């Protein structure tokens, strides 16, 4: 059986455009809350600021909000300079997240 898979021949060129593993200074560009029982999460779009050769490229990530993963959400909010008063009240305001800057480690999966 033959299958037509659009974009397959260009896949090796796309790999060269990907961001390699490393540490990057990023800015939060977009945040969206997704409610998926039993693991709600935030999707993040992060724009690379440094190193400059990757500036403008984006990384995507998820931050889960289930009880076992709250430590990671708390870490992210604190490290990116989120409002401590809102954090102290257990509130996450998506509009306050956009524009925050911080350091992330990118690890592409194979």
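Figures for the structure shown
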quantity: Selected residue [under 12 Å from residue 30 (Cα atoms) and loosely packed, with under 11 Cβ neighbours inside 10 Å] from 84, 95; calculated: 95
quantity: From the options 49, 63, residue that is at pLDDT 90 or above and closer than 14 Å to residue 103 by Cα; calculated: 49
quantity: Segment 43-81 - residue that is within 13 Å of residue 24 (Cβ to Cβ) and over 15 Å from the mean Cα position of the chain (by Cα) and, of those, surrounded by the most Cβ atoms within 10 Å (Cβ to Cβ); calculated: 54
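The values are calculated or read from the model by the stated rules, or taken from the named source; none is laboratory data. Computed from a predicted model, the values in this text were never measured in an experiment. FYI the Cβ positions are ideal-geometry reconstructions off the backbone, even for glycines, and counts take in every protein chain you see.
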